Each structure stands twice: as structure tokens, then as C-alpha cells.
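Here you go, one structure.
The values are calculated or read from the model by the stated rules, or taken from the named source; none is laboratory data. Since we're looking at a predicted model, the values are computed, not measured. Glycine also receives a Cβ, built like all others from the backbone with ideal geometry; neighbour counts cover every protein chain displayed. We work out accessible area using only protein heavy atoms, side chains counted, and drop any ligands, DNA or RNA first. Shrake-Rupley method; radii C 1.70, N 1.55, O 1.52, S 1.80 Å.
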Amino acid sequence: MTSISFISILFSIFPLLIVNTFIFIPIFGDGLFQEELSASMAGRDLSLLIKMSPPVVTTDTLKGGQTPLIQFRLSDTATNETLKHVTYLIEIEKSGKRLLLDTFHSHTCNLGIQMRPSSADHITINGEQDTILLAYTGDMEHPVSATGPIFAEGGLYHFIVTIETLDFDRTFLPQDKQPVFEGWLSVGYTLDKDIQINGATYPVKTISYYDKLKNFTYNSSYNELQFAMPFDWSLDRLKKVNLYVHEEISIPNPSPLAANGYEGTVNNIDLSSNLLMLDRTNSSKDVVHFMLTKPNVLNLAQKVEDNSSKNNQNMTNEMTFTLSPSKNAVNPGSMIGPNSMNMSMNNGSGGGSM
């Protein structure tokens, strides 16, 4: 099974509603290839879709010349009608650094921005500009392009979108009534490592669809892979966001790391086997997927917080992983026949014990 099919099956979007009519509270999301965010304005429920195409974007595909297309669509939540003549003030940040801040407009509302990563020092916007709105205009067939240091690295990209006009090109909403949406899209971070075991070399490929990986090592004593990534474990933050943590590890088969099943931990907390999926479509490798939905992460966060309090330590700012072969684990997704695959797992509304 390809990464694209795993993504399309497993990522879930959870709309969040703002109940206050006149005060706009930012909506947050984490680690997704698309977000559908909601807000209300004077009794009118609005939904903003931010979607990346193709859904799988990694540092490897970007190096190969991939240019992701980002779609912005504002709609009426009650009717799903696409709203027209929308002006977007779009800010994109990564790791607290602003990469883009500019105004865009779509007469049809389906705004498209083509991301063209390059080694340039700054971002250049190309597209027709409305002389009155001073906004770049485009749609999905004729997108605006953004060329420069954007989407050039793996990790989370923070989108802050303010709606300045809708329904009419020249009628600006009062500033204190302009809906503000916040969301996150993820570019997969690819890491290739050669693992030395008993004098032989085995190439292991890891893709993090959440954030950049670090400290990737092999522990020969436990025959396990270990790696980490930045992560904010604050329960208050996690309760406000849509998030999905997906890590993909490709293990050569045969190798001392290959097995009929796999077991893993997060921050030294054992994961149940159903949170690891195993893809054996390619007979030369096992592809193991860590699949952590929001309920899973909240469960882990509570345990991480409890362990920190118990040991009188500050909360860690990392999510650490281990992966090792197991004689007993049966992971969902294991091949049960030459042309069939058992594809059971919990979606974003479900849980799963640790």
C-alpha cells in the first residue's frame, strides 16, 4: 500500500464550531494535510477548508521538483455553498518565523496558491493583482504562485487566515468582525539512515508527517530503533487542536529488525499493537506506521504529565519513539493472504489503549 492510500484512509478532519457570535476565537489544528475550520459571524456559520494537493508532500518529493497546491475555500456551513468575492489575509509561519504575509482574492472563493520552494532569500508572489484591493487574484485553475523559502523543510506550517471581504469585492468587514482561522499543514520530513548490525549495513527510511526527527539511533542491546521529534505536551493546548501523529518506518526484509509483528513505545509508554500498522505490500521491506489519533495523544499526554509530576521533573518538549521486532504482537494491516489486507484501526473519534 502506498503512503498516499494510507493518508487518504487515515486522516480525519474534525470541524470545531465557534458559538460566540461576535468574538472570533482562533481555531487550531495539528499535523494534517487538510483542515476544515469553522467560525460564526453575526449568526452566519462559516467553514474554511485549507487543503494541500497532493496529500503526501515530503522533503524527498520537494527535492524532486514537487510544487504543492494549497486550496482555500470559504463556505456557508448550513448549505455548503461556496461563498464568492472573498479576500483572504494569509500569514504562514514555521517554528515561530513568519514566511509569508499577503492579501489574496478569489471571485469564486476557491483560491489556489502554488508553493514553489527555492533557495531564494525571500518569497516572491506571482499573479494578477487587483489595483483597489491590492490583493493577488487567482483560483484553482489559475493559481497564484509563491516562490522562495517556503515548504522547503519538513515539519508543521502554521496558517493564520483572516477574512476581509465576502459576497462583495469592495465591501470590507469591520476589523473587529473579521473571522480569523488558524490551522496547520504538515510536510513530511524524510530521514535515511544506514544501521550497522553484526557487521552488516541495513538502510532504514523514516518519514515523519508531523515534525522534524532527531537523535535517530539503533540500540543493539534491545534490537530497537530510537528517534525523537519536538512536541508540546501541554494538555490545554492539545485539547484545542485537531492533530494526528503519523510516523512511517521502512525496514529491509530480511534483516535482524524484520519480524512478523512490531512493538513500540512513546516516551517510554508501551503502545498497544493496534496503534502500529504494518504494510507488507513490497516483499523487500516492512513499512511500519505509528498511528496516533487525538484521543491516543491525549491519553499519552496525561501519562507524560503524571510521570513528570511523580518524578518531580519538568514536562519534556519531545515525543520519543522506540520500535522493535516482537514475537507476540499482531499489528493491523498485516497481510493475511497474497491479495488481501486487514485494514482495521480506530479513526479520530475513537481511542485505543496504550
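Looking at region 66-77 only, could you name the residues that are of a type in the set (Val, Ile, Thr) and open to solvent by 10 Å² or more (accessible area, probe 1.4 Å)?
Of everything in region 66-77, those that are of a type in the set (Val, Ile, Thr) and open to solvent by 10 Å² or more (accessible area, probe 1.4 Å) turn out to be 67, 77.
Pairs only if they're at least six apart or on different chains, beta carbon under 6 angstrom, first in region 263-287 and among the hydroxyl-bearing types (Ser, Thr, Tyr), second open to solvent by less than 10 Å² (accessible area, probe 1.4 Å); list them, first residue then second.
Qualifying pairs under 6 Å: 273/331.
Yes/no matrix, rows are residues, columns are (1) among the aliphatic types (A, V, I, L, M); (2) in a loop (DSSP other than H, G, I, E, B); (3) under 22 Å from the mean Cα position of the chain (by Cα):
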residue: 299; (1), (2), (3): no, no, yes
residue: 303; (1), (2), (3): no, no, no
residue: 315; (1), (2), (3): yes, yes, no
residue: 320; (1), (2), (3): no, no, yes
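Read through the list (1) among the hydrophobic types (A, V, I, L, M, F, W, C); (2) closer than 25 Å to residue 183 by Cβ; (3) more than 19 Å from the chain's Cα centre (by Cα), then give the number of the only condition that residue 292 fails.
It is condition (3) that residue 292 fails.
Here's something else I'd like to know. I'd like the residue in region 150-176 that is among the aliphatic types (A, V, I, L, M) and not in a strand (DSSP E or B) and, out of all such residues, is farthest from the chain's Cα centre (by Cα).
The qualifying residue farthest from the chain's Cα centre (by Cα) is 173.
Which one of these is open to solvent by 60 Å² or more (accessible area, probe 1.4 Å), in contact with a Pro (Cβ under 6 Å, 6 or more places away or on another chain) and either at pLDDT below 95 or at negative phi (or both): 303, 285?
The conditions single out 285.
Could you grab me the full set of residues in region 137-149 that are of a type in the set (A, V, I, L, M), part of a strand (DSSP E or B) and closer than 21 Å to residue 166 by Cβ?
Once the filter is applied, which keeps residues that are of a type in the set (A, V, I, L, M), part of a strand (DSSP E or B) and closer than 21 Å to residue 166 by Cβ, region 137-149 yields only 144.
For region 197-208, how many residues are buried (at least 20 other Cβ atoms within 10 Å of the Cβ) and not polar (S, T, N, Q)?
Here the count works out to 2.
May I ask you to list the residues in region 177-209 that are in contact with a Leu (Cβ under 9 Å, 6 or more places away or on another chain) and without any contact (Cβ under 8 Å) to a residue 60 or more places away in the chain?
191, 193, 202, 204, 205, 206, 208
For residue 236, only one of the following conditions fails: (1) outside any strand (DSSP E or B); (2) of a type outside the set (Phe, Trp, Tyr); (3) touching a residue at least 24 places away in the same chain (Cβ under 8 Å). What is its number?
(3)
Of these, 211, 194, which one is charged (D, E, K, R), open to solvent by 20 Å² or more (accessible area, probe 1.4 Å) and not in a strand (DSSP E or B)?
Selected residue: 211, the only one of 211, 194 that is charged (D, E, K, R), open to solvent by 20 Å² or more (accessible area, probe 1.4 Å) and not in a strand (DSSP E or B).
Here's something else I'd like to know. Quick one: residue 185 ticks every box in (1) at negative phi; (2) open to solvent by 40 Å² or more (accessible area, probe 1.4 Å); (3) not hydroxyl-bearing (Ser, Thr, Tyr) bar one, so which box is it?
(2)
Right, another one. All but one of (1) assigned to a strand (DSSP E or B); (2) open to solvent by 40 Å² or more (accessible area, probe 1.4 Å); (3) at pLDDT below 95 hold for residue 38; state the number of the condition that does not hold.
Only one criterion is unmet by residue 38, namely (2).
Results for (1) at pLDDT 85 or above; (2) over 24 Å from residue 171 (Cβ atoms); (3) open to solvent by 50 Å² or more (accessible area, probe 1.4 Å); (4) among the charged types (D, E, K, R), shown as yes or no for each residue.
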residue: 8; (1), (2), (3), (4): no, yes, yes, no
residue: 13; (1), (2), (3), (4): no, yes, no, no
residue: 28; (1), (2), (3), (4): no, yes, yes, no
residue: 34; (1), (2), (3), (4): yes, yes, no, no
residue: 51; (1), (2), (3), (4): yes, yes, yes, yes
residue: 60; (1), (2), (3), (4): yes, yes, yes, yes
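Of the residues 230, 256, 174, which is free of Cβ contacts under 8 Å to residues at least 12 places away in the same chain and either open to solvent by 10 Å² or more (accessible area, probe 1.4 Å) or more than 30 Å from residue 126 (Cα to Cα) (or both)?
174
Quick one: would you say residue 44 is under 21 Å from residue 175 (Cβ atoms) and in contact (Cβ under 8 Å) with a residue 24 or more places away in the chain?
Here the answer is yes, as residue 44 does meet what is asked.
Go through region 78-136 and report how many residues are assigned to a loop (DSSP other than H, G, I, E, B) and open to solvent by less than 30 Å² (accessible area, probe 1.4 Å).
5
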